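**Q** Submitted below is the structure of interest, expressed as structure tokens.
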Amino acid sequence: MNPQDVVGQMLAAGLEVPPLPLDLTGRVRRFGPKKTHWYRLREVRTDAGTFVVTGSFGNWRGQESHRVEVDWQGISQAEREALQARRQAQAEADAQARAAAAAQAAMTAAELWASAAREPIGPVPYLQRKAVQAEGCRYLRDGSIVIPLLRYDLPRDQALKALQVIRPDGSKRFTRGFEKPGCCLRLGHVVVGEPLLICEGWATGLSLRMAVDRKLPVFVGLDAGNLLHVAQLLRGLHPHSPLLICADDDWRTEGNPGRLKAHQASRAVEDCHYTWPIWARMPRGPKDTDFNDLHLSAGLGVVRRQLRHAFYVLGSEILTESLNVAA
């Protein structure tokens, strides 16, 4: 197998072509849109003098990982078993390294969260631009917003896993090394039997909270790839509450990952449904994808009406009446 065969596997998995030549030293290399694609490859010499490329590749955003499919033709069974044992040992070492990094990330997040202020020093430009009222956050001296990311299935003293920091210019960064699947932020409180909303971004969650007059909780899942993990976690924690994923409509992105991942989660998790923002007969910008964008471009009333329809489909008639939204 040569490196070009591995590139073909990457393309088949939906990744872009990485910079060539490939790095075959075993280091993690990031590439593609916003560096969300990655690979980690090694070249191994066989007893016959041929070379085999092993490793894995995937997409950070979608939490996707694929192992390289190795062509074992011409390689003895003993050598194949030795290579596979080496791959298994490396996989275990990688898992231990990730666990150590995740533990360090949680420790770093706890320290930064403890040092952040509960109230901003002055106006927060990001909140002003998004036209939302903050919940569940703290602030740094430079005006950055700090968002905690938690695992709600863990004890309170172990729940905080990482932070998202939103800088004044709107750029975002996460605590490095944390394990994202299942991490989220709850805005509001859960009432047994009432719907739980799930979305990707924090500003989207705040618009949704405003649209339901803060009568329902919203779980911020960070990105499309984490929607399924959050939905599964919530189904286990709150078995009697219907789930409504308020998806991003990535209409300008190939494959529309926002709606695709929401659809997949709704099929995989019991009593889980999804909706998405609609710009019917309204101007729509190329970057208008989520319910906060709909809030800004069409008004909060439009978001309310669309959610009201979604709740009606869920059969939550009492809830839709409580929103006091004109038909």
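No lab work stands behind these numbers, since they all come straight from the coordinates. From a predicted model like this one, the values you see are computed outputs, not experimental measurements. Note: ideal-geometry Cβ built from the backbone for every residue, glycine included; neighbour counts use all protein chains shown.
**Q** In region 236-287, which trypsin sites (Lys or Arg not before Pro) are in a loop and have at most 13 other Cβ atoms within 10 Å, using DSSP for the loop call?
**A** Qualifying residues, ordered by number: 252, 281, 287.
**Q** For region 118-234, compute the orientation-averaged projected area of the C-alpha convex hull (one quarter of its surface), in nm².
**A** Answer in nm², one decimal: 7.6.
**Q** Okay, moving on. For region 178-239 and region 248-296, what is the centre-to-centre distance using only Cα atoms, to the nearest Å?
**A** Their Cα centres are 15 Å away from one another.
**Q** Follow-up. Considering only DSSP states other than H, G, I, E and B, which trypsin sites (Lys or Arg not before Pro) in region 105-172 qualify as loop sites with at most 16 other Cβ atoms within 10 Å?
**A** Taking region 105-172 and a limit of 16 other Cβ atoms within 10 Å, the loop trypsin sites (Lys or Arg not before Pro) found are 118, 141.
**Q** Okay, moving on. Residue by residue through region 161-174, which ³J(HN,Hα) values in whole Hz follow from phi under the Karplus form 6.51 cos²θ - 1.76 cosθ + 1.60 (θ = phi - 60°), with glycine and proline marked x?
**A** Karplus values, whole Hz, x for Gly and Pro: 10, 6, 10, 10, 10, 9, 6, x, 7, x, 5, 10, 8, 10.
**Q** Cross-link partners among lysines for residue 180, C-alpha distance below 24 Å, same-chain residues fewer than 8 apart left out?
**A** Partners found: 34, 35, 161, 172, 261.
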